[in-house]
Amino acid sequence: MSRETLQESLSAVMDNQADELELRRVLAASDDPEIRATWSRYQIARAVMHKELLEPRLDIAAAVSAALADEAAPVAPQVQQRGPWRTVGRLAVAASITVAVLAGVRLYNQDDITGAQLAQQSTQPALNIPQVNGPAMLAGFNTSEEQSAPAASAVGQGQPGWHEQRLPAYLRQHAQQAAMSTSEGALPYARAASLENR
Amino acid sequence: MRFIPLSVLLLGSWLALPAAADEGRALLQRLADAERTQSFQGAFVYERNGSFSTHSIWHRVEENGKLRERLLQLDGSAQEVIRIDGQVQCASGALADQVVDSQLWPARTLNAEQLSEWYELRVLGKSRVAGRVTSVLALVPRDQHRYGIELHFDQQTGLPLKSLLVNDKGQLLERFQFTQLETVAPAASNLEPGAGCRPVRLAPSPVDTVEAWRSDWLPPGFSLGSVTQRRSPASNESVACQVYEDGLARFSVFIEPLRDAAVEDVRTQLGPTVAVSRRLKTDDGDVMVTVVGEIPLGTAERVALSMRSAAEVVQ
């Protein structure tokens, strides 16, 4: 597929106008550093057009984790050196976190759709989804390799089977605890039973 | 007209709502009563992305008030559960594995009052399910932290005959629907366990270290329901499991030590159920926090990010 088509799709995704095919195309190409760079250029261009303040290389997970880390750290000693710029800086941080959270919601929802569709497409039932490299996983969702944030998750290639070994059991335990501990009728049971169908 | 104070508008809509909300609450209350007092037998289907199954159900209210219930999957493997007063007596194969400690927690009943705090109850009208007339009730979430539910109640008995789970985009996540229902008491022979139904043993598990975990943030309305601890499915590590619920939706948090293993974060969705795994640093080394439940992905992600060990909280 040509680069132009991809860029058109990218643009459509950004404007929230993308159809499912385009969204999937962009997600498939999202490992490409060039595409990432294009994405961030588009974001800047749009931000300028809309006169928004935007942190171009936005990493939601890192931003939230960093904010949490900041919260835990003692802030008392910093009080003496308070100046007007300090407050502005704090406001900017707060604003960027808000943007991160808002952007995050949109990303979640997009992922949500693809995940559901991919699950629909697969002809095999149930437990084929917990594969680390499977299409429905979208494991490398955050862009932590581009930023060295303190609390960025340690992403490595090792142990491909870690989640494969555990997620099915976790899903089951969750479903069955619900089925066995409530009197809500047959629905939790049906959910649990559907996990056992292979 | 622009100058009507917002508070008046709010008050107005608030005053207009109670009638509908009361009707919704009455339906929910009737549902809770119906399952305790109404004998029935029937068949239902369950559908989610990637899975479709058919089941039979026999539900008998005995003279002394005891509830006997048998559920049997009709296609594929013969999944089976027998419950007396909500307590599992026997379960087939894989279903039996997980019963053990969750039995120690009391069964919950539907609380219409509590639910209406987190869901707006809207009576949508009438429909027809399994050849019977039903009333339709929508439970519309009041925030983005839970899914919407559409419930169809049998008008004659109040039993729930159809339940749809819908996300914020209106996409259907799962369907539970009766195809046939008879409101007569099933014969005793139908409540006997099948060959594959294994008696369930109760083995309390130690929960001492589970309290070491708590969440900094929870979606409004969710509270800790149960705490368990068991062996990891893949190693000798002990995995803490906490279940949170809002009276209808539910999610579990699993915390498993990583011991320096390099594992990526993971997010996935299986029909109505989402799973989010996130690595978390603690003083005792990294752990993997996995949130599994029927809640939106963003909410699960935020819960996973908010788990803290008690040691950290104390400091």
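Here are a few things to note about the model shown:
- Long-range neighbours under 6 Å by Cβ, at least six apart or interchain, first residue at pLDDT 85 or above within segment B:253-267, second hydroxyl-bearing (S, T, Y): B:F254/A:Y170; B:F254/B:T290; B:E256/B:S232; B:D265/A:S153; B:D265/B:S277; B:V266/B:S277
- Checking each residue in segment B:144-186 for being under 15 Å from B:L121 (Cβ atoms) and touching a His at 6+ places or on another chain (Cβ under 9 Å) picks out B:P160, B:S163.
- Only strands (runs of 3 or more DSSP E) whose full extent lies in segment B:231-315 are considered here, and the ones with at least 2 residues that are assigned by TED's automatic domain parsing to the domain that holds B:P220 and among the aliphatic types (A, V, I, L, M) are B:238-245, B:250-257, B:266-270, B:273-280, B:287-293.
- Just one of the listed residues (B:D168, B:D143) is within 11 Å of another protein chain (Cβ to nearest Cβ) and either within 24 Å of B:R36 (Cβ to Cβ) or out of contact with any Ser or Thr (no Cβ under 7 Å at 6 or more places or on another chain) (or both), namely B:D168.
- Unmet criterion (only one of (1) out of contact with any His (no Cβ under 8 Å at 6 or more places or on another chain); (2) within 26 Å of B:S51 (Cβ to Cβ)) for B:G293: (1)
- If you filter segment B:267-287 down to residues that are aliphatic (A, V, I, L, M) and surrounded by fewer than 24 Cβ atoms within 10 Å (Cβ to Cβ), you find that the one that is farthest from the other protein chains (Cβ to nearest Cβ) is B:V287.
- Each residue in segment B:49-68 was checked for being modelled with pLDDT under 90, surrounded by 21 or more Cβ atoms within 10 Å (Cβ to Cβ) and in a strand (DSSP E or B), and 1 pass.
The values are calculated or read from the model by the stated rules, or taken from the named source; none is laboratory data. In this text, all values refer to a predicted model and were calculated from it rather than measured experimentally. Ideal geometry is used to build each Cβ from the backbone, glycine not excepted, and the neighbour counts take in all protein chains shown.
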